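Notes follow once the structure below has been shown.
The values are calculated or read from the model by the stated rules, or taken from the named source; none is laboratory data. Predicted model, so just to flag it, every value in this text is computed and none were measured. Don't worry about glycine lacking a Cβ; one is built from the backbone with ideal geometry, like all the others, and counts go over all protein chains shown.
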Amino acid sequence: PEAEFQRRCTGPAGCRACAEACPHGAIGPYPATSRHHAGTPALDPNTAPCHLCPDLPCARACEAGALVPIPTDALFFGLARVLPDRCFVFQGPECGACAPACPIGALRMVAGRPVIDADTCNGCGLCRAACPVWNKAITIDL
């Protein structure tokens, strides 16, 4: 849980081990204007997706025990949501770039439109990252 992470994390004091261990650069510090502890490492899948690394290098690098290795199928960041007013397939042209980007099969195309299985989606953000729309047609509700 977030409260336990905040209690254990030494990121605001300068530790960046999890961020440095992330091979995709998905972890960064909360800004000073954040409602959370400024400088605390965070992952915002709306900014940079989690690639669900099977060996979780971010958790293995955390000496403070704020991040603990758990099975990747137990990770949860939020829930993806399609924004039809921005999505190409709701406007006419074909697309579907988001569906093959989902590593867990939570997003699939049904009758040519993206559908998210809320019981399966972990909010990793890979579908959002694959969206070719400049003002992304998928958001992750955290």
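Observations, loosely collected:
- Within the stretch 76-89, the residues that satisfy the criterion of being touching a strand residue (DSSP E or B) at 6+ places or on another chain (Cβ under 8 Å), over 22 Å from ALA42 (Cα atoms) and crowded, with 16+ Cβ neighbours inside 10 Å are VAL82, CYS87, VAL89.
- Meets criteria (over 18 Å from the mean Cα position of the chain (by Cα) and either modelled with pLDDT of 95 or more or in the same structural domain as CYS127 (by TED's automatic domain parsing) (or both)) for CYS58: no
- One residue stands out among those in the stretch 38-68 that are in contact with a Lys or Arg (Cβ under 6 Å, 6 or more places away or on another chain) and surrounded by fewer than 17 Cβ atoms within 10 Å (Cβ to Cβ): the one that is nearest to THR120 (Cα to Cα), which is GLY65.
- Any hit, the stretch 96-104, residues being touching a Ser or Thr at 6+ places or on another chain (Cβ under 9 Å) and in the same structural domain as ARG8 (by TED's automatic domain parsing): no
- Residue that is farthest from PRO45 (Cα to Cα) [pool: residues in the stretch 101-114 that are touching a residue at least 12 places away in the same chain (Cβ under 8 Å) and loosely packed, with under 13 Cβ neighbours inside 10 Å]: GLY112
- Index of the failed condition, ASP73 passing every other in (1) assigned to a helix (DSSP H, G or I); (2) surrounded by 14 or more Cβ atoms within 10 Å (Cβ to Cβ): (2)
- Scanning the stretch 36-67 for residues that are within 18 Å of ILE140 (Cα to Cα), part of a loop (DSSP other than H, G, I, E, B) and not acidic (Asp, Glu) returns PRO45, ASN46, THR47, ALA48, PRO49, CYS50, HIS51, LEU52.
- Residue under evaluation ALA80, criteria (1) in a strand (DSSP E or B); (2) outside the structural domain of ILE116 (by TED's automatic domain parsing), criterion not met: (2)
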